[in-house]
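A.B. asks: Following this message is one structure expressed as structure tokens.
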Amino acid sequence: MSQNGHPKTLFEKIWDNHVVVDEEDSPSVLYIDLHLVHEVTSPQAFTGLREKGLKVRRPDKTIATMDHGIPTTSPEIPISDVLVLKQISQLEKNCNDFGIPLHGLYSPNRGIVHVIGPELGLTQPGMTIVCGDSHTSTHGAFGALAFGIGTSEIEHVLATQCLLQVKPKTYAVKVEGQLPKGVSSKDIILNLISRIGIGGGTGHVFEYMGEAIRSLSMEERMTICNMSIEGGARAGMVGPDDTTFEYIAGRPHAPQGEAWEAAVEEWRTLPTDEGATFDKEIVIDANKLEPMITYGTNPGMGMLITQPVPDPMQFGTVSERQTLEKALNYMDLQPGQSLLGKPVDVVFLGSCTNSRLSDLRLAASLLKGKKVADNIQMMVVPGSQQVKQQAEAEGIDKIFKEAGADWREAGCSMCIAMNGDQLEPGQYAVSTSNRNFEGRQGKGGRTFLASPLTAVATAITGQITDVRTMLD
Amino acid sequence: MEQFTTLTAKMVSIPTENIDTDQIIPARFLKVTDKNGLGENLFFDWRYHADGSHKEDFILNTEQGRQAKILVAGDNFGCGSSREHAPWAIMGYGFQAVISTSFADIFRNNSLKLGLLPVIVDEETHYQLMSLIEEEPDTEIIIDLADQTLQLPDGRKVKFPIDNFSKNCILNGVDQLGYLHQHASKVEAHEAVNPHRVNTLAGSST
């Protein structure tokens, strides 16, 4: 329980610790501990600083990398996209001019911004973390308050290290029980979003709790927090525990020695107090979960992989029916159809949702000694150059290559299809990424979101497959 | 930011629910370093054929679309990414306000900072506006920000919510950054009082 006796949630503790000014009739001024920057959403913010003659207030709390537009082909092939080149050189110039550390194109630490933050020990419990990217919610896995911001807000944080924020509400997501075999953290989050819809968490911050969450590794927790935004919540968080501290210990930016002991002591005060209340709550029984798959054009259009595609006629309102009809038309699917057995063209293993070492290890363990089906193009994109190196040191790259998959350099790649990695019109993909919006993975491309295990099972058989049929 | 006080304008509707930022402006158009020209790419994949020609029946390609300054859209408008390119593109096309039954948080925040007014209405009003656009496409409505109302042609006024701070910034055309700068000394004080929270990053910065 907190010092004044009033039980608080994890979110409330971090919020209260960071409010600098709280005036009536104005949003709170919130102090930001870590600002992550990438090449796509930042250029106009730096232009704003220059126009106003402003400096970056705390370059030591700001860190940049490039991920969205970077090709995943061999680094020896020069980048041909002049627009990408311009964004890269602009970020280099901005970081140089304003004194911001940059993990640039050839840095061994470059990678997807939400992979390298935790990897380098930058992401720590109790922090406020922002980035011009909606999947900043990923960092909440460490018990941080982390959320995506727009370019105007990037400029605000660069200039003042603060952000104006209206206090969001809290939403407890309790995942009880234990996950059955073949079911992973990706399935938990896809299940949650399918229940509450993509606007279900609007105005709220999720806190994921319960036995099933506690037993997850940090990388599995990151997968869940990553997709909080797909449920409408800007942030999602997990109370820090020994799993969290063990992950952070010894990383380059983690506190060391006495500072480490002091930090852990502070972090242990963060978890939600007994008796603290939330504005909303949902309970999910992990024991009853199955592998999930999406059938439509937003992440809320998901179902258990054994279920049939829903019928628009079963929906209550006209607009709901029309929205689903439009989605099924885009996906060229029929109501009542099973997705099991449906042939696909591409399997994408990557993105800030599922491109960490444990994702690659798990995928490789299922793929080992098997082949990617002839009709499938499988692309494996590690989340960072460090993940890539570690995977190669373990021989994981060989498993993918020998199976016929394409082993690439790190980046956002086909999750956002800005760098040339993209679906052709009409193609179907099973993707471990986070968004199945129309054209997200390439104009006219059709995405089924699923876990890495489901993706690999599909790659092996060439059709959408329930991975549980392939496990002992 | 330009001042926004009242707006008397025509509307168009895109009734689809959950219109995400990838529809508003596909990611391939984010490879820019300024804010110019994004209006051309607004709703690109709904607006243009593969050969780049206009889809003539898409509302933004019609005279009605070009005249409208208010977009009425389905529930949960602007979900998805944090790209401010979405409101930049909407403003670049010529819209000054978007009306829906709800907005995604980041889109709404971004819009408020730019003075693109996100107007939240109840389902009944939303339906009424949709019908009005269909039956009398030349109808103008009045948005009065100071009063926080929409005025329909029948004279009915509908209140909409907006926080006072954003409202005053938009009414006066003032960037929110100024408010943050006013509190610089308090930010310094926060850093001085909370070193154990503020200085937790070890090691050289790279």
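The values are calculated or read from the model by the stated rules, or taken from the named source; none is laboratory data. Please read these numbers as outputs of a predicted model, since none were measured by experiment. Every residue, glycine among them, receives a Cβ derived from its backbone with ideal geometry; neighbour counts consider all protein chains shown. The accessibility values were calculated without ligands, DNA or RNA, using every heavy atom of the protein model including side chains. Shrake-Rupley method; radii C 1.70, N 1.55, O 1.52, S 1.80 Å.
A.B. asks: Can you spot a residue in the stretch A:51-63 that is surrounded by fewer than 18 Cβ atoms within 10 Å (Cβ to Cβ), in a loop (DSSP other than H, G, I, E, B) and more than 9 Å from chain B (Cβ to nearest Cβ)?
C.D. replies: yes
A.B. asks: Take residue A:9 and decide whether it is open to solvent by 40 Å² or more (accessible area, probe 1.4 Å), of a type in the set (S, T, N, Q) and over 13 Å from residue A:163 (Cβ atoms).
C.D. replies: In short, no.
A.B. asks: Condition first: among the hydrophobic types (A, V, I, L, M, F, W, C) and surrounded by 19 or more Cβ atoms within 10 Å (Cβ to Cβ). Now tell me which residues in the stretch A:382-408 satisfy that.
C.D. replies: Those that are among the hydrophobic types (A, V, I, L, M, F, W, C) and surrounded by 19 or more Cβ atoms within 10 Å (Cβ to Cβ): A:387, A:391, A:396, A:399, A:400, A:403, A:405, A:407.
A.B. asks: List the pairs whose first member sits in the stretch B:2-29 and is more than 8 Å from every other protein chain (Cβ to nearest Cβ) and of a type outside the set (A, V, I, L, M), whose second member is open to solvent by 30 Å² or more (accessible area, probe 1.4 Å) and not in a helix (DSSP H, G or I), and whose Cβ atoms are under 6 Å apart, counting only residues at least 6 apart or on separate chains?
C.D. replies: Cβ pairs passing all conditions: B:6/B:144; B:8/B:140; B:8/B:142; B:10/B:140.
A.B. asks: Filter the stretch A:419-436 down to residues that are surrounded by 22 or more Cβ atoms within 10 Å (Cβ to Cβ), more than 17 Å from the chain's Cα centre (by Cα) and part of a loop (DSSP other than H, G, I, E, B), then give me how many there are.
C.D. replies: Matching residues across the stretch A:419-436 total 4.
A.B. asks: Here is a list: A:118, A:125, A:108, A:75. Which entry is more than 24 Å from residue A:146 (Cβ to Cβ) and touching a helix residue (DSSP H, G or I) at 6+ places or on another chain (Cβ under 7 Å)?
C.D. replies: The match here is A:108.
A.B. asks: Would you please list the contacts, defined by Cβ atoms under 9 Å and residues six or more apart or on different chains, that run from a residue in the stretch A:440-458 that is surrounded by fewer than 24 Cβ atoms within 10 Å (Cβ to Cβ) to a residue that is at pLDDT below 95?
C.D. replies: Listed pairs, sorted by first residue: A:443/B:50; A:444/B:50.
A.B. asks: I need the full set of residues from the stretch A:377-411 which are part of a loop (DSSP other than H, G, I, E, B) and under 21 Å from residue A:70 (Cβ atoms), in order please.
C.D. replies: Passing the criteria: A:381, A:382, A:383, A:405, A:408, A:409, A:410, A:411.
A.B. asks: So, one more: Residues that are within 14 Å of chain B (Cβ to nearest Cβ) and not in a loop (DSSP other than H, G, I, E, B): does the stretch A:206-221 have at least one?
C.D. replies: Checked the stretch A:206-221: at least one residue is within 14 Å of chain B (Cβ to nearest Cβ) and not in a loop (DSSP other than H, G, I, E, B).
A.B. asks: Related question: Scanning the stretch B:151-183 for residues that are open to solvent by 10 Å² or more (accessible area, probe 1.4 Å), hydrophobic (A, V, I, L, M, F, W, C) and under 22 Å from residue A:203 (Cα atoms), which turns out nearest to the other protein chains (Cβ to nearest Cβ)?
C.D. replies: B:165
A.B. asks: Another question, if that's okay. Looking at residue B:91, is it within 12 Å of residue B:24 (Cβ to Cβ) and either within 13 Å of chain A (Cβ to nearest Cβ) or within 12 Å of the chain's Cα centre (by Cα) (or both)?
C.D. replies: yes
A.B. asks: Is there a residue in the stretch A:96-111 that is out of contact with any strand residue (DSSP E or B) (no Cβ under 9 Å at 6 or more places or on another chain), open to solvent by 10 Å² or more (accessible area, probe 1.4 Å) and within 8 Å of chain B (Cβ to nearest Cβ)?
C.D. replies: No, the stretch A:96-111 contains no residue that is out of contact with any strand residue (DSSP E or B) (no Cβ under 9 Å at 6 or more places or on another chain), open to solvent by 10 Å² or more (accessible area, probe 1.4 Å) and within 8 Å of chain B (Cβ to nearest Cβ).
A.B. asks: I'm checking my understanding of the structure. Among residues of the stretch B:129-141 that are in contact with a Lys or Arg (Cβ under 9 Å, 6 or more places away or on another chain) and open to solvent by less than 60 Å² (accessible area, probe 1.4 Å), which one is nearest to residue A:319 (Cα to Cα)?
C.D. replies: Taking the candidates together, the pick is B:133.
A.B. asks: Any chance you could count how many residues in the stretch B:184-194 are at the interface with chain A (Cβ under 7 Å from one of its Cβ atoms) and either in contact (Cβ under 8 Å) with a residue 60 or more places away in the chain or β-branched (Val, Ile, Thr) (or both)?
C.D. replies: Count: 1.
A.B. asks: Is at least one residue of the stretch B:106-127 more than 11 Å from every other protein chain (Cβ to nearest Cβ), surrounded by fewer than 14 Cβ atoms within 10 Å (Cβ to Cβ) and over 27 Å from residue A:198 (Cα atoms)?
C.D. replies: No, that holds for no residue.
A.B. asks: Given the criteria under 24 Å from residue A:171 (Cβ atoms) and aliphatic (A, V, I, L, M), does residue A:19 qualify?
C.D. replies: For residue A:19, the condition - under 24 Å from residue A:171 (Cβ atoms) and aliphatic (A, V, I, L, M) - is met.
A.B. asks: Could you please let me know if residue B:198 is farther than 30 Å from residue B:8 by Cα and open to solvent by less than 30 Å² (accessible area, probe 1.4 Å)?
C.D. replies: In short, yes.
A.B. asks: Take the stretch A:128-138 and flag every residue that is touching a Gly at 6+ places or on another chain (Cβ under 9 Å), at the interface with another protein chain (Cβ under 10 Å from one of its Cβ atoms) and open to solvent by less than 10 Å² (accessible area, probe 1.4 Å).
C.D. replies: A:130, A:131, A:132, A:134, A:135, A:136
A.B. asks: Take the residues in the stretch B:30-39 that are more than 9 Å from every other protein chain (Cβ to nearest Cβ) and more than 14 Å from residue B:86 (Cβ to Cβ), then tell me which one is surrounded by the most Cβ atoms within 10 Å (Cβ to Cβ).
C.D. replies: B:37
A.B. asks: Return the residue satisfying two criteria in turn: it lies in the stretch A:289-322 and is open to solvent by less than 20 Å² (accessible area, probe 1.4 Å) and free of Cβ contacts under 8 Å to residues at least 40 places away in the same chain, and of such residues it is farthest from residue A:180 (Cα to Cα).
C.D. replies: Among them, the one singled out is A:312.
A.B. asks: Across the stretch B:46-70, which residue is nearest to the other protein chains (Cβ to nearest Cβ) among those that are of a type outside the set (S, T, N, Q) and touching a helix residue (DSSP H, G or I) at 6+ places or on another chain (Cβ under 7 Å)?
C.D. replies: B:46
A.B. asks: Only one of A:159, A:172, A:146, A:141 is more than 9 Å from every other protein chain (Cβ to nearest Cβ), surrounded by fewer than 24 Cβ atoms within 10 Å (Cβ to Cβ) and modelled with pLDDT of 95 or more; which?
C.D. replies: None of the other options fit; the residue is A:172.
A.B. asks: Could you look through the stretch B:83-100, keep only residues that are over 20 Å from residue B:132 (Cβ atoms) and without any contact (Cβ under 8 Å) to a residue 40 or more places away in the chain, and pick out the one that is surrounded by the fewest Cβ atoms within 10 Å (Cβ to Cβ)?
C.D. replies: Per the stated criteria, the residue is B:84.
A.B. asks: So which of A:14, A:77 ends up being assigned to a loop (DSSP other than H, G, I, E, B) and farther than 19 Å from residue A:113 by Cβ?
C.D. replies: A:77
A.B. asks: For residue B:15, which of the numbered conditions (1) under 18 Å from residue B:130 (Cβ atoms); (2) in contact with a helix residue (DSSP H, G or I) (Cβ under 7 Å, 6 or more places away or on another chain); (3) open to solvent by less than 30 Å² (accessible area, probe 1.4 Å) fails to hold?
C.D. replies: Tallying (1) under 18 Å from residue B:130 (Cβ atoms); (2) in contact with a helix residue (DSSP H, G or I) (Cβ under 7 Å, 6 or more places away or on another chain); (3) open to solvent by less than 30 Å² (accessible area, probe 1.4 Å), residue B:15 fails exactly one: (3).
A.B. asks: Still on this structure: Could you tell me which residue of the stretch A:64-87 is nearest to the other protein chains (Cβ to nearest Cβ), considering only residues that are open to solvent by 10 Å² or more (accessible area, probe 1.4 Å) and either closer than 27 Å to residue B:181 by Cα or of a type in the set (A, V, I, L, M, F, W, C) (or both)?
C.D. replies: That would be A:83.
A.B. asks: Take residue A:130 and tell me if it is part of a helix (DSSP H, G or I) and either touching a residue at least 24 places away in the same chain (Cβ under 8 Å) or hydroxyl-bearing (Ser, Thr, Tyr) (or both).
C.D. replies: no
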